[in-house]
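See below for the structure under consideration.
The values are calculated or read from the model by the stated rules, or taken from the named source; none is laboratory data. Computed from a predicted structure; not experimentally measured. For neighbour counting, all protein chains shown are included, and Cβ atoms are generated from backbone atoms with ideal geometry for every residue, glycine included.
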């Protein structure tokens, strides 16, 4: 068929999309800020885009946006009950160190939990738990963490509230003739098939393809290659440090050595003092633990009259004491540390924490630590206290992914779950509220947005969450991303851009059956979701998919579902989905690991979903 005429409006919108895609992929600026820039551009260029200011900001009032905000809060209320942590004890009892059972339990519990609770906090809680269980079973955590992320993504296809893209697609479904929003369990039968097929793949082929990047039980100092960057020094009688306070010397180190030296710990008469939090004065016989290169250590010993204890290597056991510990943590996308250098951040002064190394994309960064600029997804090795690390986590800066075993709750098979993973007194209330929200929405008594907001009201009124807890639970970057890109879909429709691209794809129906065109949309959306956000993929592809379906005599709702399911299948890159990024550092993965394990799964599900939609919903 002939293509519609290209208009100036189309070119303007296509240009904005191209710029947005480049910024999404390169992340020169945060994705949510890019989305806001798109929103502003659409309104400013209204004569070409057809999107006035009042329509440009409708994304903030969209039922999908409000529902997603409410679901973040409800998920936080459930997470605070301690139910997810309690699963750790049950997993230990069930698996008893067997790798197959541990993998099966990881996939099963994560997937089911992600069907009713936002999958990002589920993965955040499960990472340290699974890592601890892997250590006890002498299994590489790498063999479990990638399946953990994939299982969370697969679980998101089980219910309407499983992912934000499901909720967004439901909002688009309301605009189809003769249809309302998607029901809570309307696509659950297909979701169950997708989850089971994915689980079988992860337990068989995926298990063989998943590499063991991190050795089981590997010392954190070895994992971050700090063997030659940690040293023990003795304070001799005539050292100029004797009598001086630690905090004064720390400031001098920063000035004279430009962040090339970190004084970590002072040991005296069998007692250890973390340097950042200590007001001790140096005494003869003290042993100091420092992070520095060999050359810098030599300069340090010469200047301050110290004696290097060359035969005493520093391991994680030396740094894990009653007053301090090592913590591995992943920098969250919405962390306030992102964009700051180590020296500029408040991580050392306010939280008495020292950054020993940064793992970024398979590359370990040790040198010039103070000048390293934090990026989302960085894995940090911190020398700190468990309280300070947990506060950083509660503040939303990091997700703790590993703590040496002696600092973790004991998740042994015979452990008393009440003492290891206690439940909150509000557990029955929070679980009851979540069940009520799902039930009311599933029965169609009220729209899901109202049911979810009612659940938020109940969570706060009953004391399951404080108002500040509720606001802190929301990933506002995702909300602004969603609200910013929604008008882009509107502009695609008003300028005829969606119609133009649909016309190109309609021509494929001349040589392909409708079922194959449906599969083509799944593949295209999946590829797009791997390089930009799933939310942006859904916004861009659903109008095109629906328009194409109408033109070739297909079922618009089926094409919408293909896009929705594909957006949850960004298995091939660590940047495609937030949970993939969360396990990237802790699993020690390489970029190509996602392609090797995720590509076969994505192709397999393309076939399963395409035929599943045809059977359940028609084409």
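The set of residues from segment 499-523 being assigned to a helix (DSSP H, G or I) and at pLDDT 90 or above comprises 514, 515, 516, 517, 518, 519, 520, 521, 522, 523.
The set of residues in segment 1-22 that are within 36 Å of the chain's Cα centre (by Cα) and under 15 Å from residue 48 (Cα atoms) comprises 10, 11, 12, 13, 14, 15, 16, 17. Taking segment 12-44 as the range and being touching a helix residue (DSSP H, G or I) at 6+ places or on another chain (Cβ under 8 Å) and under 13 Å from residue 491 (Cα atoms) as the test, the residues that pass are 12, 13, 14, 16, 17, 38, 39, 40, 41, 42, 43.
The sole residue among 95, 110, 81 that is in the same structural domain as residue 425 (by TED's automatic domain parsing) and under 16 Å from residue 579 (Cα atoms) is 110. Selection of first residues in segment 95-107 that are crowded, with 21+ Cβ neighbours inside 10 Å and of second residues that are assigned to a loop (DSSP other than H, G, I, E, B), restricted to Cβ pairs under 7 Å at least 6 apart or on distinct chains, gives the following pairs, ordered by first then second residue: 102/137; 102/139. Looking only at segment 375-405, residues that are more than 24 Å from residue 136 (Cα to Cα), in a loop (DSSP other than H, G, I, E, B) and over 16 Å from the mean Cα position of the chain (by Cα) come to 0 in all. Tallying residues that are within 23 Å of residue 596 (Cα to Cα) and free of Cβ contacts under 8 Å to residues at least 60 places away in the same chain within segment 108-163 yields 5. Residues of segment 472-497 that are surrounded by fewer than 22 Cβ atoms within 10 Å (Cβ to Cβ), more than 22 Å from the chain's Cα centre (by Cα) and assigned to a helix (DSSP H, G or I): 490, 493, 494.
One line per residue, one yes/no per condition, for (1) closer than 30 Å to residue 559 by Cβ; (2) out of contact with any strand residue (DSSP E or B) (no Cβ under 7 Å at 6 or more places or on another chain):
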| position | (1), (2) |
| --- | --- |
| 185 | yes, yes |
| 208 | no, yes |
| 247 | no, yes |
| 260 | no, yes |
| 272 | no, no |
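When 177, 181, 211 are screened for being more than 22 Å from the chain's Cα centre (by Cα) and surrounded by fewer than 19 Cβ atoms within 10 Å (Cβ to Cβ), only 177 passes.
Criterion first (buried (at least 20 other Cβ atoms within 10 Å of the Cβ) and either at pLDDT below 90 or not in a loop (DSSP other than H, G, I, E, B) (or both)) does residue 343 satisfy it? No: the conditions fail for residue 343.
I'd like the residue in segment 409-428 that is crowded, with 17+ Cβ neighbours inside 10 Å and modelled with pLDDT of 80 or more and, out of all such residues, is farthest from the chain's Cα centre (by Cα). The residue in question is 426.
Taken together, the residues in segment 449-471 that are under 25 Å from the mean Cα position of the chain (by Cα), in contact (Cβ under 8 Å) with a residue 24 or more places away in the chain and not in a helix (DSSP H, G or I) amount to 2.
Taking segment 168-215 as the range and being out of contact with any helix residue (DSSP H, G or I) (no Cβ under 9 Å at 6 or more places or on another chain) and outside any helix (DSSP H, G or I) as the test, the residues that pass are 178, 204.
Filtering segment 533-553 to residues that are part of a loop (DSSP other than H, G, I, E, B) and surrounded by fewer than 24 Cβ atoms within 10 Å (Cβ to Cβ) leaves only 553.
Within segment 20-36, the set of residues being surrounded by fewer than 16 Cβ atoms within 10 Å (Cβ to Cβ) and either without any contact (Cβ under 8 Å) to a residue 12 or more places away in the chain or within 16 Å of residue 480 (Cα to Cα) (or both) comprises 22, 26, 27, 28, 29, 33.
Residues checked against (1) buried (at least 24 other Cβ atoms within 10 Å of the Cβ); (2) within 16 Å of the chain's Cα centre (by Cα); (3) assigned to a helix (DSSP H, G or I):
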position	(1), (2), (3)
566	yes, no, yes
569	yes, yes, no
574	yes, yes, no
588	no, yes, no
595	no, no, yes
598	yes, no, yes
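Cβ separations smaller than 6 Å between residues 6+ apart or across chains give the following pairs from segment 204-228 residues that are over 19 Å from residue 597 (Cα atoms) to residues that are part of a helix (DSSP H, G or I): 217/135; 219/316; 220/316; 221/316.
Being assigned to a loop (DSSP other than H, G, I, E, B), on the phi > 0 side of the Ramachandran plot and not assigned by TED's automatic domain parsing to the domain that holds residue 274 holds for only one residue in 367, 352, 334, and it is 352.
When 495, 548 are checked against the criterion of being under 17 Å from residue 13 (Cα atoms) and touching a helix residue (DSSP H, G or I) at 6+ places or on another chain (Cβ under 6 Å), 495 stands alone in meeting it. Scanning segment 580-602 turns up one or more residues that are out of contact with any helix residue (DSSP H, G or I) (no Cβ under 8 Å at 6 or more places or on another chain) and within 15 Å of residue 522 (Cβ to Cβ). Looking across segment 562-579, the residues that are modelled with pLDDT of 85 or more and within 15 Å of residue 525 (Cβ to Cβ) come down to 562, 563, 564, 565, 566, 567, 568, 569, 570, 571, 572, 573. Put simply, of 57, 68, 73 the only residue that is surrounded by fewer than 21 Cβ atoms within 10 Å (Cβ to Cβ) and either outside the structural domain of residue 144 (by TED's automatic domain parsing) or in contact with a helix residue (DSSP H, G or I) (Cβ under 8 Å, 6 or more places away or on another chain) (or both) is 57. Checked against (1) exposed (fewer than 15 other Cβ atoms within 10 Å of the Cβ); (2) at pLDDT below 80, residue 403 passes all but a single condition, namely (1).
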